[in-house]
Amino acid sequence: MRNLFTLTLACFLLVLNLSAQNLCGSGRYVEPVFNCVDTTENIVYGQGRLNWSSQNFFCQFGALPPYNNFQDLLCDVYEPCGDAEMERPLLVVIHGGAWAGGNKRDMAPYCHQMALRGYVVVSISYRLSITSNLLCWNAELDENKFFRAFYRAMQDAKAAVRFFRANAAQWRIDPDQIFAAGHSAGAFTALGLAYLTDDAERPDATLQLDYCGNAAGEPLCADLGGIEGEGGNPGISSAIKAVIPMSGALPDLTFLDGANDPPMLLIHGTADDVVPYAEGCVLQNLRNIGLFNPCIDVYGSASILAFADSIGMDAQLLTFTGGGHNFTAAESDSIVLHSARFLCCQLDDGNCQTVNTNELADEFPIEVFPNPAATELNVRVGINDPWKIGLYDLNGRLIQEKTSSNTALNLNLTGIPSGIYVLRVWQNNNTRTFKVIRS
């Protein structure tokens, strides 16, 4: 049930290869089989109601009364270039910034890498409802307002899922294959999107709070409404199939219900001083230097994993030992690889197998040459056992397949158009994937 990955620096050099059936069998959704990404910026996916979050005029972040003003909610869409597939999985990505800052471009490198693997990736903006002025945080932020900021962002994320599910044909998305990922506040938000699915679970802080005061008779902390919010496309499901929270936490573990909840891949560093790895106060880094006083207690990835495991959920944790809140380049590469592995499993309803290159280096050595190739592609293996190769196009269609009991095979590429293809090699229940260029 539970897979716990504890990575050290040496482990960062590992590359994961997947063996899956159906959708991931050609390498698409696992390897970067495309060579470019098309980005469409500032798509309006919904609207969010603006309202005050503080009685302190100089520290408030939001709209002045009246409270019926709405802001457009924008997103950037990343798609693999030249992709002919008509129903593609969607990954909704949510940036961090403590619900006070950040930008939908913050996770562009991750979005780009996942789009190269064949996903449609949507990076969303959402309502920022905590002041970005650190000098105001002690006056502005308490546990109630923290919950409210989290809740508004979650409503917007649900609106994004509804929008793309409602417009699945236009964006060539499979409405049954929608996932979410996020970092920091975006990870909190992604967890809420996945698991806060019943209005009966609404936090009390999302109701009208009289202690915020009022302006011209209007409450400054008004009732935030139901979990789906007012973002558009009412009646469309906002359910997602799985979630990848990075450096995130939950304010309440009871959002998790049981084995039927969407699977999760948690990602966290053990030395994170912004969001605790296990349980503790958020923004401990600011508390340490006196810029933030309240202790808002949350449950980090290790605590989420333990609870999820106890109720039978499919949960995994990728741990960076000694890692901080943000990620190094090596950690970021590992996150992409693990994200692809995890999502590939979900695309085939959990039916996939992970093999790392350390094991394969001794047991399954392979040479593929020349690459790029003009008329012939040669493949050699180091073990004289039966094996098979398959050449696929970027839509997962099998172009050629051969088997052998010797150590060498070749594929005749004559008549195959120039472009990028995926070569899969099977031997002794192991699988390797290679990107091949037909020149």
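Where does the charge balance sit around SER123 when Lys and Arg score +1, Asp and Glu -1, over other residues with C-beta under 15 Å from its C-beta? It would help to have the intermediate numbers written out before the result.
Numbers: positive: LYS104, ARG105; negative: ASP38, GLU41, ASP76, GLU79, ASP106, ASP156.
Net local charge, SER123 excluded: -4.
Could you sort 147-160, 84-97 so that the peptide with the highest average Cβ count within 10 Å comes first and the rest follow in order? All intermediate terms of the calculation are to be shown ahead of the outcome.
Details: 147-160: 26.1, 84-97: 20.9.
Highest mean packing first, the order is 147-160, 84-97.
If you count, for each residue, the other Cβ atoms within 10 Å and average over each peptide, how do 404-414, 108-118 line up from highest to lowest? Working shown, then result.
Working: 404-414: 13.6, 108-118: 21.8.
In descending order of packing, they fall as 108-118, 404-414.
Find how many whole Å separate the alpha carbon centroid of segment 141-174 from the alpha carbon centroid of segment 266-325.
23 Å
Quickly rank 187-197, 166-176 as a protection proxy: mean count of other C-beta atoms within 10 Å, highest first.
Numbers: 187-197: 26.7, 166-176: 15.2.
Going from most to least packed, we get 187-197, 166-176.
Identify all lysines with a Cα-Cα distance to LYS388 below 17 Å; exclude those on the same chain that are fewer than 8 residues away in sequence.
Of all the lysines, those that pass the test against LYS388 - Cα under 17 Å, at least 8 places apart if same chain - are LYS402, LYS435.
No lab work stands behind these numbers, since they all come straight from the coordinates. For clarity, every value in this text was computed on a predicted model and none was experimentally measured. Heads up, the Cβs are rebuilt from the backbone with ideal geometry, glycines too, and the neighbour counts pull from every protein chain shown.
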